[in-house]
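So the structure is just underneath, and the comments pick up after that.
The values are calculated or read from the model by the stated rules, or taken from the named source; none is laboratory data. This is a predicted model, so every value here is computed, not measured. Cβ: placed from backbone, ideal geometry, glycine included. Neighbour counts: every protein chain shown. For accessibility, only protein heavy atoms count, side chains too; no ligands or nucleic acids. Shrake-Rupley method; radii C 1.70, N 1.55, O 1.52, S 1.80 Å.
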Amino acid sequence: MDKLLIRGGRPLHGDIAISGAKNAALPELCAALLTAEPVVLHNVPRLQDVATMLKLIRNMGVTAERDDNGMVSINAGGLHTPEAPYELVKTMRASVLALGPLLARFGRARVSLPGGCAIGSRPVDQHIKGLQAMGAEIVVEHGYMIATLPAGRTRLKGARITTDMVTVTGTENFLMAATLAEGETILENAAQEPEIADLAEMLIAMGARIEGHGTSRIRIQGVDALHGCTHAVVADRIEAGTFLCAVAATGGDVLLRHARAEHLDAVVEKLQEAGVKIAPVEGGMRVMSAGAAKLKAQGFRTTEYPGFPTDMQAQFMALNCVAHGTAAVTETIFENRFMHVNELVRLGARIQVDGRVAIIEGLDGTARLSGAAVMATDLRASASLVIAGLVAEGETVVERIYHLDRGYDRMEAKLRALGADIERIE
Ligand code: UD1
């Protein structure tokens, strides 16, 4: 199994390109299932999760080709098996995104329940409830959601759906399903993430009628059929935010090409309060930092977009560990998303967890983290350990980086290009 070996203590300088967003590419690959015509996606990141999604849709009878420049061409004209088997779903919860499009186009789908997940139980009850409101009959049998339409119906019907909580993939499933439903669907309490707006733009390019995407109320008028399209995946705000935290911690001056500052307001504001200089520049963002010892730790609460993203909590915590002062970090989205804490503590961080709150006492510039062997436990936790390794004294070995590879496009190559001493070892 691959590991990362990091020798900490080098500032980061230079420029890198931010890749397309994982959380936009995954639903957009599923959106291609809504039409029998060819769909071309550009700026698709090279990630394990994308490879898994391609495997999942090919398994249904879809042709999907990718080139070396981030282009993926999909043709779901020959889709014969509207199913997502457990073997693939268990490695990637986002596979549930196939449910809405399959049901909308074929009137039936068989999708495995995602099962347990390290960062929390993450049920799919809202997905089921919303699609039922659109007329689907869904039973859960032998670990699968089996969705059909009532006898005599060939299409879902529009509905007003108000979810109990804001759910990102839930909103995406309803949005995709509603494009081909009969009549109007209104999504209340919809997620407002930029990835949802990007998906809606792609669906509109396919002929869908959607208004209000990017707000908490989305209206969709169903159409009879969607056609092919060409779409470029929006830049990954979480990858950009991860590099912002890395540069903030190590010190340096880096240009993040393609990064969209307007999608990172909550993170940028906290970094600026900490003492990091960040400026939007033509075609990207520039970040300058004198290093963590000059920064002030910042407390925050994770919330839905446009609040502070749960997907940035671990990386910002790594920064807090080496900054001045004490900060309280509250995780409100997932109940078990502090698994990086024990690993950060192994590197010398001072963190106490009480339920959903972590209190981080920064090292105040008087001491450094000290390199050690640590284990990645989930995707963003892995990124926080890499950031900690970049500032730790001596060697840090991050094990189980298959978690990192699920969601970051060649992270170590990008860090090396910025001057980090980091390598992948067997
Ligand atoms: C998406 C993102 C993930 C991010 C998360 C929160 C993708 C592929 N993944 O995950 O990176 O961390 O949003 O920003 O876009 N919930 C239920 N029942 C449901 C659905 C959700 O109880 O049917 C709960 C979840 O357990 C969680 C909360 O709602 O506590 C939010 O989850 P949700 O927004 O659905 O997360 P994902 O869409 O899975």
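Here are a few things to note about the model shown:
- Length gained on full extension, GLU211 to VAL139, computed as 0.36 nm times the residue gap minus the Cα-Cα distance: 22.8 nm.
- Sites ASP224 and ARG66 - FRET efficiency at Förster radius 25 Å, r taken between beta-carbons, to 0.05: 0.25
- Considering only alpha-carbon pairs that sit under 8 angstrom and 6 or more positions apart, the relative contact order computed for the chain is 21 percent.
- Taking 0.36 nm per residue of separation and subtracting the Cα-Cα distance, full extension of the segment from ASP265 to ASN59 would add 70.2 nm.
- Computed over the chain with a Gaussian network model linking Cα atoms closer than 10 Å, the most mobile of GLU395, GLU239, GLU193 is GLU395.
- Taking Lys and Arg as +1 and Asp and Glu as -1, the other residues whose beta-carbon sits under 9 Å from that of MET411 total -2.
- Remark: the THR162-VAL281 segment gains 39.0 nm on full extension, using 0.36 nm per residue and subtracting the alpha carbon distance.
- With the convex hull drawn around the C-alpha atoms of region 360-415, the volume per residue stands at 86 Å³.
- Long pairs among LYS90/LYS277; LYS3/LYS55; LYS270/LYS414; LYS55/LYS270; LYS90/LYS129, criterion Cα-Cα beyond 31 Å: LYS90/LYS277; LYS55/LYS270
- GNM top mover of LEU47, LEU385, LEU180 - the chain, alpha-carbon springs below 10 Å: LEU47
- To the nearest ten degrees, helix 265-274 and the longest principal axis of the Cα atoms of the chain are 10 degrees apart.
- Viscosity 0.890 mPa s, 25 °C: Kirkwood-radius Stokes-Einstein D of the chain over Cα pairs, µm²/s: 112
- Largest-first principal axis extents, alpha carbons of region 227-375, Å: 53, 34, 29
- Distance in nm between pseudo-label sites at VAL357 and GLU182 (7 Å out along the Cβ direction from Cα): 5.3
- Two-site label geometry, ARG108 and ARG424: point separation in nm, points 7 Å out along Cα→Cβ: 4.1
- Helix 313-322 and the long axis of the chain differ in direction by around 0°, with both axes built from C-alpha atoms.
- DSSP-defined antiparallel bridges as percent of all bridges, the chain, nearest 5: 70
- GNM result for the chain, Cα springs below 10 Å: residue of CYS229, CYS321, CYS30 fluctuating most strongly: CYS229
- Share of carbon and sulfur in the accessible heavy-atom surface of the chain [1.4 Å probe, %]: 49
- Per residue solvent-accessible surface (Å²) - the chain, probe of 1.4 Å: 38
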